[in-house]
Protein chains: 2
Amino acid sequence: MGGGSDQDAHVSKSSPSWTTRTEAEDGGTRVINLDHGDPTMFERFWQKMGDKCTLVISGWQSISYFSDVGNLCWFLEPELGREITRLHQLVGNAVTEDRHIVVGTGSTQLLQAALYALSPPDASEPMSVVSSVPYYSSYQPLTNYLKSGLYKWAGDACSFNRDEPYIELVTSPNNPDGFMRQPVVNRSGGTVVHDLAYYWPMYTAITSPADNDLMLFTVSKCTGHAGTRIGWALVKDKEVAKKMTEFIVLNTIGVSKDSQLRAAKIIGVVSDGCQNLDNPDEHLFQYGRRLMTERWKRLRDAVNQSGLFSLPDFPSNFCNYVSEVTEIQPAFAWLKCEGDIEDCESLLRGHKILTRNGKQFGASTKYVRVSMLDRDETFDLFIERLSSIRL
Amino acid sequence: MGGGSDQDAHVSKSSPSWTTRTEAEDGGTRVINLDHGDPTMFERFWQKMGDKCTLVISGWQSISYFSDVGNLCWFLEPELGREITRLHQLVGNAVTEDRHIVVGTGSTQLLQAALYALSPPDASEPMSVVSSVPYYSSYQPLTNYLKSGLYKWAGDACSFNRDEPYIELVTSPNNPDGFMRQPVVNRSGGTVVHDLAYYWPMYTAITSPADNDLMLFTVSKCTGHAGTRIGWALVKDKEVAKKMTEFIVLNTIGVSKDSQLRAAKIIGVVSDGCQNLDNPDEHLFQYGRRLMTERWKRLRDAVNQSGLFSLPDFPSNFCNYVSEVTEIQPAFAWLKCEGDIEDCESLLRGHKILTRNGKQFGASTKYVRVSMLDRDETFDLFIERLSSIRL
């Protein structure tokens, strides 16, 4: 474990929410913000890992725009490419052979790069972009904010019936509801972007290596380093990978080298931990799985006890990675208000619990999305407060 | 000075162009790539500065998306904000009072954020974006690549005569030609984005603090850390700053914390160096100024000797920062072929010197832009090879 005093200094300085106040001491006054999927849950794991994941970068390093001039994605740090490939091979969640790796400033940038790459530059009409309800709340604004003539949001994939080219966004496990997903349109002239941000063993069973043409991942939900803003795409088609690279050059002239080097270090430590069977405490996916199991049990207990809410039921599957049957325990809870309550978000906001309204995901206001990835103290307060809600 | 062996290892591994071969030894076969403005010239300065600019970042730090929830730009690391303000105050090149700082993934992202913020969301026609010829070659593709309905490229500001709202991009000192610039359209309904990437004492005289409504800067051309991808905007209007922040949230959900912390460290060391009068070797702007003076002298000598080319002549100005009259010595040379040569880029490419064609800047093919910021060895080879060109 790393030096305690520095960490404490950091914690008290920049993490005002990192306290051990209970709901009683707090008096129910603290705002519990579970609107974002801020993965601060992983902070404790990385504190325990200490110095082995510390990045040291000298003032003269990585000055250039270029990382690897021989590579199609010339701003990808080779070390990061290697560590991404190694991790996928260890976990068995994605095929990396015959794929180009394109690094992005988070998978958000890569999603836009994919839309740019998959839309013809000279079509008379913008390409339709669809996703099944409930879909990730950012897909619509991301597609529409620049009023692009290349692509436009066309809503729920399940009701898309135009006989024209389209791009379907498939998030699996899905954000917000956690279910595993497949494309639903399946027509000629369509392409699919597979957003696999949550296809890691702490959230779901790894049933087979994903083998799609265009797959997106992010360190944010894999290791918890959201602030690092690093995502990657595994891309089969060379021309698509080239156009995605072109987008990132136009958009931000490449991707922070510092964050790439840090992500390489962190991902390397994750892989080392997975391979070190003598020390299960250093195994991120086991740590994450244990914590998620406990949190989901506590949430289900609170929900059952209250009678006001319900949660999805998930199938169990055999996980090739842990060699046992495991349950889905998503990064978000897709919470539904039962009975006459029509606006779940308002109800919870009235109790100072901030969540994201179901309508932002193309669904009913009876639903909200709740982050399951916050710090222990926040999660504890949330469970306590949720349990105390009476109509 | 930092540890030599690590640096050498780095240099030999990742910098194949870092050699001391002369043109004679090289036999004129090496491709000299001066197309990009890759600021590797600064590498040696940072090597000399050693450990004081080393960033150490623990595995558990900066996990969250959030840096400063109370700030309008909630993903700005407070430390970076403070160091930016301190540097501007020391150098006197921009007013920071009553300005919002918006951090971006390089000033490229901030330019797009500015276009987004300054274009009304519901106009019937996209807003015209103009800049005076010769303009930065990326402005046109940056404005048009997504075929946005919010804004579109409208070319040379000097010939813009439509009676409608517009955004004028003013780069000063200008990229590619190095001259100081002012807006030229000056009509009602227009807004101006001031790209001040090169308004630092190594490139030009600091005649007064820039006091514009929207000013863009980047560490790339200030400290040389292009790979860090950090830029910042100083924005007077709160609503514009909010919309720029919104753009960056949609585009990349904030900006790499690691790079922000590194930029804060580096900029802090630059300010310390400027204040430490006992050790002029640690003064980045003096170092940069000396090197640019020497390079521009050598380039002018080579150009005069050859008779095939010409360069702009610049006025001298009193620089408040160094308290003396100084010359403009831009980060790029705007080189013109004289006589019958119509395509300067082809001519130089024939001698394996890669430069950027004048037509990309809206100008004649008789011109090329040549980076003056590459490593010593590359610059030496360039001068030697340029001097040897005969028709």
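The values are calculated or read from the model by the stated rules, or taken from the named source; none is laboratory data. From a predicted model like this one, the values you see are computed outputs, not experimental measurements. Positions of Cβ are generated from backbone atoms using ideal geometry, with glycine treated the same way; all protein chains shown enter the neighbour counts. Surface accessibility is based on the protein's heavy atoms, side chains included, excluding ligands, DNA and RNA. Shrake-Rupley method; radii C 1.70, N 1.55, O 1.52, S 1.80 Å.
Projecting the Cα atoms of A:HIS36, A:LEU76, A:ASN212 onto the charge dipole of chain A (Cβ charges, centred on the Cα centre) puts A:HIS36 farthest toward the positive pole. Applying a 4.7 Å Cβ-Cβ cutoff to chain B, the cysteines left without a disulfide-compatible partner are B:CYS53, B:CYS73, B:CYS158, B:CYS222, B:CYS274, B:CYS319. Ranked from shortest, the separations from the 7 Å Cα-to-Cβ label point of A:LYS242 to its equivalents in the other copies are 4.4 nm.
What do you get for chymotrypsin sites (Phe, Trp or Tyr not before Pro) in the range A:190-273 restricted to DSSP loop and a cutoff of at most 11 other Cβ within 10 Å of the site's Cβ?
none
Restricting the chymotrypsin sites (Phe, Trp or Tyr not before Pro) of the range B:71-136 to loop positions (DSSP other than H, G, I, E, B) with no more than 16 neighbouring Cβ atoms within 10 Å leaves B:TRP74.
Between copies, how far does the label point of A:PRO121 sit from its twins, in nm, shortest first, when each point is 7 Å from Cα along Cα→Cβ? Inter-copy label distances (nm, one decimal, shortest first): 3.0.
Site-free segments of chain A were taken between GluC sites (Glu not before Pro) in DSSP loops having at most 13 other Cβ atoms within 10 Å, sites themselves excluded; the longest one is A:98-337.
Tally up the carbon and sulfur contribution to the accessible surface of chain A as a whole percent, 1.4 Å probe, everything protein left in place.
Summing carbon and sulfur atoms, their accessible area is 48 percent of the total for chain A.
In this structure the amide hydrogen of B:ILE230, modeled in the peptide plane, comes within under 5 Å of the amide hydrogens of B:GLY106, B:VAL219, B:SER220, none closer than 5 places in sequence on its chain.
Between B and A, buried accessible area from a 1.4 angstrom probe totals roughly 5400 Å², ignoring ligands, DNA and RNA.
Accessible-area rank, largest first, for A:VAL102, B:VAL56: B:VAL56, A:VAL102, with all protein chains present and a 1.4 angstrom probe. Solvent exposure of B:ASP38, expressed as accessible area, is near 10 Å², computed with a probe of 1.4 Å over the protein chains only.
How many Å² of accessible area per residue for the range B:78-274, probe 1.4 Å?
That works out to 29 Å² for each residue.
Amide H to amide H distances under 5 Å link A:ALA197 with A:SER172, where only residues 5 or more positions off or on other chains count and H is placed in the peptide plane. Annotation: the antiparallel percentage among DSSP beta bridges lying fully within the range B:78-274 is about 35.
The modelled label-to-label distance for the pair B:ASN279/A:ASP301, using points 7 Å beyond Cα in the direction of Cβ, is 5.8 nm.
The phi torsions of the range A:282-294, fed into the Karplus equation with coefficients 6.51, -1.76 and 1.60 and a -60° offset, translate into couplings of 9, 9, 4, 5, 5, 4, x, 4, 4, 5, 5, 4, 5 Hz, rounded to whole numbers, with Gly and Pro shown as x.
With label points set 7 Å from Cα along Cα→Cβ, the inter-copy distances at B:ARG290 are 5.7 nm, sorted shortest first. Taking 7 Å steps out from each Cα toward its Cβ at A:THR207 and B:VAL133 produces label points 6.1 nm apart. Of the trypsin sites (Lys or Arg not before Pro) found in the range B:354-391, the ones in coil according to DSSP and having at most 12 other Cβ atoms within 10 Å of their Cβ are B:ARG390. Annotation: the antiparallel percentage among DSSP beta bridges lying fully within the protein assembly as shown is about 55. Remark on A:ALA210: its backbone amide H falls under 5 Å from those of A:ALA94, A:VAL95, a criterion applied only to residues 5 or more positions apart or on other chains, H modelled at 1.01 Å from N.
Taking B:HIS88, B:HIS100 and ordering them by how much accessible surface each has at a 1.4 Å probe, largest first, produces B:HIS100, B:HIS88. Other residues lying with their Cβ under 15 Å from the Cβ of A:TYR65 contribute a combined charge of -3, Lys and Arg counting +1, Asp and Glu -1.
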